[in-house]
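Have a look at the structure below before the remarks.
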Amino acid sequence: MINFKELASEYKTPLYVYDLDYMSAQYQKLKEAFKAKKSILAYAVKANSNLSVVKHFATLGAGADCVSIGEVRRAFLAGIPKYKIIFSGVGKSDDEIREAIQKDILYINVESEAELARVNLIAKELDSTCRISIRVNPNIDPKTHPYISTGLHDNKFGVDLNSAKRMYIFANNSEHLDPVGIHFHIGSQLTQLQPIRESAEIVADLVRSLQKINIELKFFDIGGGIGVKYDDETTIKPYDYAQAILGTLTALDLTVICEPGRFLTANAGYFLTKVLYEKQNGDKKFVVVDGAMNDLLRPALYGAYHKIEAITESTSEPRAVDVVGPVCESGDFFAKNYLLPELQHNDLLVIHSAGSYGFGMGSNYNTRGRSAEVAVQNGEVKLIRRRESFEDLVALELEFLED
Ligand code: LLP
């Protein structure tokens, strides 16, 4: 059990706390589920990109799914082997493509015909060959929040099946491209198996039709997206997930690449914030806390639910309150009409499921320094990112003025 009160008093609030043992357990569960085939779990660095977290996954044997050259550099710094690093994303700059080729990562996930042409040109300029995979958009509704849905033609991601086929033929005919993989990712926080199974079937059929024209791929990259429990959602079991995918791959000798983010880190993370005070506006009761939307944006951006646990001496009956931060936006809330007992100044609130897309989506809005982050492993606590100071926030601007 993590002692949140002790951590809050030692490291102050707002504070992110990550349970590395929980991350290991999630990793092992998923790895185990795919044991019938060769597999790489390429951790989606964007979910929680703290170097210590990425390093933790490196020690477990994970690869990394990166969506900017910054994330690729992070993966290298954290010790992920280059042959397990993937670079995805709908828009990569020439400089990013060049560096990825020079770093000789496993492959670049290409998301458009125009991008394939750029990669080809840059590989040619470097007198090199770039391993690529193509992100296919299977036009399947993943039945998740529209902001995190990516597998429909309405979404900007990937290419349709016909374009994909053309692109593989082009790549196969180019001496500067080596088509090694195929990729799809239909969305995040997926709680239904059927859309994943259907997408995998469509993509596996494409692999078979490529085989017929002598294009042999090695990697079947199924993206990430496995949903987790924030509240009382029914989620997909790793075993069922793996079986659904593996069932589409009969007679295909492919290494499965999975890019989990949230599954590995969301429920390993907690966001600690202290009560500043309560206030009443007419009939409405607010609990004002020291954390804000600049620390944890998900409730404001997606209306996302995060469980809130109050650590208080209060024994009063719970009542419905809005938990809000100090930022000057009405959208700055962690929960609306949430049942909490009467709270005192300095009571602690633990916001659950904050280990994915929490710190990483943070900002310095309202000139607020981002929170500190600590990791807990085997009962030992380590500060893995110090709190940002005012000096940190203005440092770059002062340099500019001095010039
Ligand atoms: N692979 C690709 C190509 C992705 O685009 C993503 C997430 C992942 C893997 C990892 O997905 P996961 O396993 O974490 O679901 N900020 C949003 C989530 C955005 C997800 C973007 N892509 C949120 O807070 O819910």
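The values are calculated or read from the model by the stated rules, or taken from the named source; none is laboratory data. The structure presented is a predicted model; accordingly, all values stated were derived computationally and were not measured. When we count neighbours, we look across all protein chains shown, and the Cβ atoms used for this are built from the backbone with ideal geometry, even at glycine. Just the protein is used for accessible areas: all its heavy atoms, side chains included, with ligands, DNA and RNA removed. Shrake-Rupley method; radii C 1.70, N 1.55, O 1.52, S 1.80 Å.
Quick rundown of the values:
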item: Filter result (of a type in the set (K, R) and surrounded by 23 or more Cβ atoms within 10 Å (Cβ to Cβ)) within the stretch 132-150; result: R135
item: Hits in the stretch 12-26 - residues which are surrounded by 20 or more Cβ atoms within 10 Å (Cβ to Cβ) and under 18 Å from D295 (Cβ atoms); result: T13, P14, L15, Y16, V17, Y18
item: Spans of helices (runs of 4 or more DSSP H) in the stretch 19-114 with at least 2 residues touching a residue at least 40 places away in the same chain (Cβ under 8 Å); result: 20-33, 51-60
item: Matching option when the condition is open to solvent by 60 Å² or more (accessible area, probe 1.4 Å) and either in contact with a strand residue (DSSP E or B) (Cβ under 6 Å, 6 or more places away or on another chain) or at positive phi (or both), among K29, K38; result: K38
item: Condition broken by L339, with the remaining ones in (1) more than 16 Å from the ligand (Cβ to nearest atom); (2) under 30 Å from S49 (Cβ atoms) satisfied; result: (2)
item: Leading residue by the ranking (surrounded by the fewest Cβ atoms within 10 Å (Cβ to Cβ)) among those in the stretch 101-122 that are within 18 Å of Y83 (Cα to Cα) and touching a helix residue (DSSP H, G or I) at 6+ places or on another chain (Cβ under 8 Å); result: D104
item: When residues of the stretch 180-205 are limited to those that are under 15 Å from I134 (Cα atoms) and open to solvent by 10 Å² or more (accessible area, probe 1.4 Å), the one farthest from the ligand (Cβ to nearest atom); result: D205
item: Residue count, the stretch 342-361 (criterion: within 16 Å of the ligand (Cβ to nearest atom) and touching a strand residue (DSSP E or B) at 6+ places or on another chain (Cβ under 8 Å)); result: 8
item: Whichever residue in the stretch 241-259 is touching a helix residue (DSSP H, G or I) at 6+ places or on another chain (Cβ under 7 Å) and among the hydroxyl-bearing types (S, T, Y) and, among such residues, is farthest from the ligand (Cβ to nearest atom); result: T248
item: Every residue from the stretch 385-399 that is in a loop (DSSP other than H, G, I, E, B) and open to solvent by less than 90 Å² (accessible area, probe 1.4 Å); result: R387, E388, S389
item: Helices (runs of 4 or more DSSP H) within the stretch 140-257 that include 3 or more residues on the phi < 0 side of the Ramachandran plot and β-branched (V, I, T); result: 194-212
item: Cross-chain or 6+ apart pairs with Cβ under 8 Å, the stretch 299-313 first and open to solvent by less than 60 Å² (accessible area, probe 1.4 Å), then more than 11 Å from the ligand (Cβ to nearest atom) and among the polar types (S, T, N, Q); result: T312/Q344
item: Single match in V180, V159, V228 (criterion: among the aliphatic types (A, V, I, L, M) and farther than 25 Å from V119 by Cα); result: V228
item: Scope the stretch 260-278; condition hydrophobic (A, V, I, L, M, F, W, C) and either more than 12 Å from the ligand (Cβ to nearest atom) or open to solvent by 10 Å² or more (accessible area, probe 1.4 Å) (or both); matching residues; result: F263, A268, F271, L272, V275, L276
item: Qualifying residue in the stretch 314-325 (condition: surrounded by fewer than 20 Cβ atoms within 10 Å (Cβ to Cβ), closer than 19 Å to Y357 by Cβ and at pLDDT 95 or above); result: no
item: Those residues of the stretch 268-299 which are within 26 Å of D21 (Cα to Cα) and over 18 Å from the mean Cα position of the chain (by Cα), in sequence order; result: L272, T273, K274, G291
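The rows are residues; the columns are (1) assigned by TED's automatic domain parsing to the domain that holds D290; (2) among the aliphatic types (A, V, I, L, M); (3) open to solvent by less than 10 Å² (accessible area, probe 1.4 Å); (4) in contact with an Asp or Glu (Cβ under 9 Å, 6 or more places away or on another chain).
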{"site": "N337", "(1), (2), (3), (4)": "yes, no, no, yes"}
{"site": "E342", "(1), (2), (3), (4)": "yes, no, no, yes"}
{"site": "D347", "(1), (2), (3), (4)": "yes, no, no, yes"}
{"site": "G355", "(1), (2), (3), (4)": "yes, no, yes, yes"}
{"site": "G360", "(1), (2), (3), (4)": "yes, no, no, no"}
{"site": "N364", "(1), (2), (3), (4)": "yes, no, no, yes"}
{"site": "T367", "(1), (2), (3), (4)": "yes, no, no, no"}
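Residues checked against (1) among the hydrophobic types (A, V, I, L, M, F, W, C); (2) in contact with a strand residue (DSSP E or B) (Cβ under 8 Å, 6 or more places away or on another chain); (3) modelled with pLDDT of 95 or more:
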{"site": "D205", "(1), (2), (3)": "no, no, yes"}
{"site": "I215", "(1), (2), (3)": "yes, yes, yes"}
{"site": "G225", "(1), (2), (3)": "no, yes, yes"}
{"site": "Q243", "(1), (2), (3)": "no, no, yes"}
{"site": "C258", "(1), (2), (3)": "yes, yes, yes"}
